[in-house]
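The values are calculated or read from the model by the stated rules, or taken from the named source; none is laboratory data. Everything quoted here is computed from the prediction, not taken from an experiment. When we count neighbours, we look across all protein chains shown, and the Cβ atoms used for this are built from the backbone with ideal geometry, even at glycine. Calculation scope for accessible area: heavy atoms of the full protein, side chains included, ligands and nucleic acids excluded. Shrake-Rupley method; radii C 1.70, N 1.55, O 1.52, S 1.80 Å.
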Amino acid sequence: MLKEQLYEIIRHDYALPKGLDEFEAVQQVIGVLGSTDAELRDELGYRILANWLLRKNFLTGSQLSVILEQAISDDMLFFKIGEAESDHVFKRTFSALLIALILIRDNREQFLSEAAFFQALERINLYCRLEKDYRSYVEGKGWAHGPAHISDAIDECVRHRFTGLDECARLWDSLVHLIEGAPHVYDAEEDERITIPIIAMVESGKVPFSTLCEWLERIELPAENDLTSMTRRINIKHFIRCLTFGLLGKGLGKVEDLIIIERKFNPFVAD
């Protein structure tokens, strides 16, 4: 019944259900973001929210501020945080996508107060340190993809008017934690998604390329002592390659400096 109602919304070009105002309708759809049904959560719920908030521009700035506060709360982004592998991960990671949608709107319309933005920023940074479930695709239940989803929110933070070098430095630390803290080798392009906000830091001019090189120099490649070390080592190397090629592709930074960085993490790179 619920799926049919949501399909009806899509069939009618994302029109509001009869008898509901925009805020009520958005709240109802937010309620499916924690579902283990991938079709309901992803193909219907998130798809509708993205269209309502970004294409149809539903909700006022004050209403979106309320939704953002809800999304970063213990009941959504931090719901049952600390569990390594449970179904609660979907509510957390799709809350991260909801946060990204709201920040996209704010980057267009500038309705968030400075205090509200920095509260969200701190919660996003904290999430990166507390999340323990790094699964990508969960068989029978769809995408969890926490590191990728929170990276989308971080990308919008990087582009935000209240973000400067200091905020980028804290976001950098959070992104590096996602690389170094993963319990398995990333298998669904998470490393690529994590590099997107880092490239945006340089492209926006908020982080000088020389500063990024200094940050990269601080990363240590672990020795191949055990499986944990090997996992971390592989993820770091993949991350560095994604980042260097991403920067090169946008013409950001000096090629020789990027080669030096790549050679540090991959000594087999030719001179």
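Worth pointing out:
- Helices (runs of 4 or more DSSP H) enclosed by segment 156-271 - at least 2 residues per element that are open to solvent by less than 20 Å² (accessible area, probe 1.4 Å) and closer than 20 Å to TYR134 by Cβ: 165-180, 190-203, 227-249
- Any hit, segment 127-148, residues being within 12 Å of the chain's Cα centre (by Cα) and open to solvent by 10 Å² or more (accessible area, probe 1.4 Å): yes
- Residue among LYS18, LYS3, LYS80 that is touching an Asp or Glu at 6+ places or on another chain (Cβ under 8 Å) and more than 26 Å from THR163 (Cβ to Cβ): LYS3
- Every pair of residues 6+ apart whose Cβ atoms lie under 9 Å, when the first sits in segment 47-74 and is within 22 Å of TYR7 (Cβ to Cβ) while the second is among the charged types (D, E, K, R) and outside any loop (DSSP other than H, G, I, E, B): TRP52/GLU22; LEU53/ARG105; LEU54/ARG105; LEU54/ARG108; LYS56/GLU22; PHE58/GLU22
- Residue in segment 48-71 that is within 27 Å of VAL185 (Cα to Cα), crowded, with 18+ Cβ neighbours inside 10 Å and not acidic (Asp, Glu) present: no
- Filtered residue count, segment 87-117, keeping only those that are part of a helix (DSSP H, G or I), open to solvent by 40 Å² or more (accessible area, probe 1.4 Å) and not β-branched (Val, Ile, Thr): 6
- Residue within segment 74-94 that is small (Gly, Ala, Ser) and within 23 Å of MET201 (Cβ to Cβ) present: no
- ASP74 fulfils the conditions (1) in contact with a Phe, Trp or Tyr (Cβ under 7 Å, 6 or more places away or on another chain); (2) outside any helix (DSSP H, G or I) except for a single criterion, (1).
- Matching option when the condition is within 17 Å of TRP172 (Cα to Cα) and among the aliphatic types (A, V, I, L, M), among LEU252, LEU247: LEU247
- Qualifying residue in segment 262-270 (condition: small (Gly, Ala, Ser) and either touching a residue at least 24 places away in the same chain (Cβ under 8 Å) or closer than 20 Å to ASP187 by Cβ (or both)): no
- Annotation: ALA120 fulfils all but one of (1) buried (at least 17 other Cβ atoms within 10 Å of the Cβ); (2) closer than 21 Å to ASP21 by Cβ; (3) touching a Leu at 6+ places or on another chain (Cβ under 7 Å); (4) aliphatic (A, V, I, L, M); the unmet one is (2).
- Residues in segment 18-47 that are of a type in the set (D, E, K, R) and either in a loop (DSSP other than H, G, I, E, B) or closer than 23 Å to ASN107 by Cα (or both) were compared, and the one that is most open to solvent (accessible area, probe 1.4 Å) is LYS18.
- Of the criteria (1) within 24 Å of the chain's Cα centre (by Cα); (2) over 16 Å from LEU68 (Cβ atoms), which one GLN27 fails: (2)
- Only residues that are acidic (Asp, Glu) and closer than 26 Å to ALA169 by Cα were counted in segment 219-235, giving 1.
- Single residue of segment 1-12 satisfying the filter (of a type outside the set (Lys, Arg) and open to solvent by less than 80 Å² (accessible area, probe 1.4 Å)) that is farthest from ILE48 (Cα to Cα): LEU2
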